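Visitor: Here it is: the structure, laid out below.
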Amino acid sequence: MSEEKNGISRRNFTKSAALGGFAILSARGALAEANSDTLKVGLIGCGGRGGGAAMNHIRANENVVIVALADAFEDRLNDTRKRLADTNSPRLRKKVDIADDMCFVGLDAYKKLLATDVDVIIHATPPYARPQHIEAAVEAGKHIFTEKPVAVDAPGIRRFIAAAEKAKEKGLVFVTGTQRRHQKSYLETMAKIHDGAIGDILAMRCYWNGTLPFSHERKEGQSDLEYRLRNWYNQIWTCGDNIVEQHIHNLDVCNWVMNDEHPIKVTGTGGRAWKPNTEQYGDIFDHFVCDYEYPNGVHMYSSARHFNNSANAVFEEATGTKGVSRCQDMGKDDRDPYEQEHADLVASIRGEIDYINEGVRCANSTFTAILGRDAAYSGQELTWDDHLANGPAVYDPDTLSFDNAYPLGAIPVPGDWGKA
Ligand SMILES: NC(=O)c1ccc[n+]([C@@H]2O[C@H](COP(=O)([O-])OP(=O)(O)OC[C@H]3O[C@@H](n4cnc5c(N)ncnc54)[C@H](O)[C@@H]3O)[C@@H](O)[C@H]2O)c1
């Protein structure tokens, strides 16, 4: 539902009366008032996380209904439609009502879903499509939950930031899938860190050292694009590489420790230690190590890798003048953060809590990852401002077509990568 439909200067009398204060004039006040009835929700990107996020949404909220699905591939859409329909909870079943003519397949499926009367979208395609789709969603006046990361290159980040800022102007609520930001142990610990519990921050380190999530062989008859999209984790242009796709969660927490200041420069190293040089394993690295510097001289050491049979570790750590924290060790978890982010989305749409727009923050954390990746690919020290303005595109979103050839890119060679 957009403010164009509802007018942007009506007062949210219900909320102000409850508070006993003055009504707040805002675009969102009008939206909250108008959205007190059932919210219609559409899912774009019906894979593992998309289906999971849709379930989180209906578990976390009342008066919401999933009414539309969009995916590049029919089998993925059908699997998720079945997953949502198969819930044996009567409470959840009544929150799923997807008609045949609200199911959209193909590369333009997102446009068809956005042309319906859904109020909210859940966006869970791989990250390559995010800037283009989210720009269109904001244009269409939808409230947004989008998964991370939000782009795969600097031009995509710029496009996503512009969309997030436009969403703010339009009063559209905008939550991103960095669920640690909605996780109680992190929220409570971070409040204590910001209150001086470990003193002034001297240094940080963060890790996502794990294994490769998936890689598929090409099936007979699959075009380049179908194969690349189904094997999306393994190409730079579809995934962003593991530092962007997974490690963003940890980098986001480090930026959070720094009160959402972002690093100003980075040096990085990475490569492929074990992956065979075959199409199945694409063109991404399997390890990265980066040294980030924040404006006040604080350094953050980051490690992201896909190694089998190795020591795994996923955490964030801040060292201060008075102590050390793992960023969630001064708080307690008693709720599911994946559900909480959807509860917060809907509460914000309804005006029960403050307006939420996490778009620029998540774009900055995604770009923190892209900056480190490109430093490792290129072998150069990169600065935030220059790379955000001039960093290279890794693909062209506006020419995507099943008719085009998508040869596998070259594995980046430091010293050469990024040179025209
Ligand atoms: N927050 C978290 O903890 C978390 C966890 C898992 C995944 N994720 C993120 O969620 C996203 C999806 O991951 P996944 O594991 O669900 O992958 P997936 O492959 O299971 O699902 C992706 C879906 O998007 C569809 N798709 C691809 N291109 C599309 C397009 N142009 N238009 C419409 N549909 C398109 C695919 O066909 C597929 O069904 C990724 O960005 C990933 O990083 C986040």
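Visitor: Ala27 passes all but one of (1) within 12 Å of the ligand (Cβ to nearest atom); (2) at pLDDT below 95; which number fails?
Guide: (1)
Visitor: Would you point out which residue out of Gly409, Gly351, Gly418 is over 28 Å from Arg305 (Cβ atoms), in contact with an Asp or Glu (Cβ under 8 Å, 6 or more places away or on another chain) and either in contact (Cβ under 8 Å) with a residue 12 or more places away in the chain or loosely packed, with under 13 Cβ neighbours inside 10 Å (or both)?
Guide: Residue meeting the stated conditions: Gly351.
Visitor: Oh, and also: Of all residues in the range 165-213, which are out of contact with any helix residue (DSSP H, G or I) (no Cβ under 9 Å at 6 or more places or on another chain), part of a loop (DSSP other than H, G, I, E, B) and either of a type in the set (A, V, I, L, M) or within 16 Å of the ligand (Cβ to nearest atom) (or both)?
Guide: Matches in the range 165-213: Thr211 only.
Visitor: Quick check: is even one residue across the range 233-241 within 14 Å of the ligand (Cβ to nearest atom) and on the phi > 0 side of the Ramachandran plot?
Guide: yes
Residue-by-condition table, conditions (1) of a type in the set (D, E, K, R); (2) touching a strand residue (DSSP E or B) at 6+ places or on another chain (Cβ under 9 Å); (3) near the ligand (Cβ under 9 Å from one of its atoms):
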| residue | (1), (2), (3) |
| --- | --- |
| Lys95 | yes, yes, no |
| Val105 | no, yes, yes |
| Ala115 | no, no, no |
| Val120 | no, yes, no |
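Visitor: Continuing with this model, one more query. Does Val314 satisfy being crowded, with 16+ Cβ neighbours inside 10 Å and touching a strand residue (DSSP E or B) at 6+ places or on another chain (Cβ under 6 Å)? I'd like the intermediate steps shown before the answer.
Guide: Values: crowded, with 16+ Cβ neighbours inside 10 Å: no; touching a strand residue (DSSP E or B) at 6+ places or on another chain (Cβ under 6 Å): yes.
No, not satisfied.
Visitor: Given the structure, is Arg81 in contact with a strand residue (DSSP E or B) (Cβ under 7 Å, 6 or more places away or on another chain) and assigned by TED's automatic domain parsing to the domain that holds Val173? Give the steps one after another, and end with the answer.
Guide: On the way: in contact with a strand residue (DSSP E or B) (Cβ under 7 Å, 6 or more places away or on another chain): yes; assigned by TED's automatic domain parsing to the domain that holds Val173: yes.
Judged against the criteria, Arg81 is a match.
Visitor: Still on this structure, please answer the following. Out of Ser303, Ser223, report the one residue that is within 14 Å of the ligand (Cβ to nearest atom) and either at pLDDT 95 or above or not aromatic (Phe, Trp, Tyr) (or both).
Guide: Numbers: Ser303 fails: within 14 Å of the ligand (Cβ to nearest atom).
One residue alone meets the criteria, Ser223.
Visitor: If you go through the range 90-120 one residue at a time, how many are in contact with a His (Cβ under 8 Å, 6 or more places away or on another chain) and within 22 Å of Trp232 (Cα to Cα)?
Guide: Residues that pass the stated criteria total 1.
Visitor: Across the range 209-251, which residue is farthest from Ala72 (Cα to Cα) among those that are over 18 Å from the mean Cα position of the chain (by Cα) and of a type in the set (A, V, I, L, M, F, W, C)?
Guide: Step by step, filter the range 209-251, then rank; the result is Leu212.
The values are calculated or read from the model by the stated rules, or taken from the named source; none is laboratory data. Owing to the predicted nature of the structure, the values given are computational and were not obtained by experimental measurement. So basically every Cβ, Gly included, is an ideal-geometry build from the backbone, and we count neighbours across all protein chains shown.
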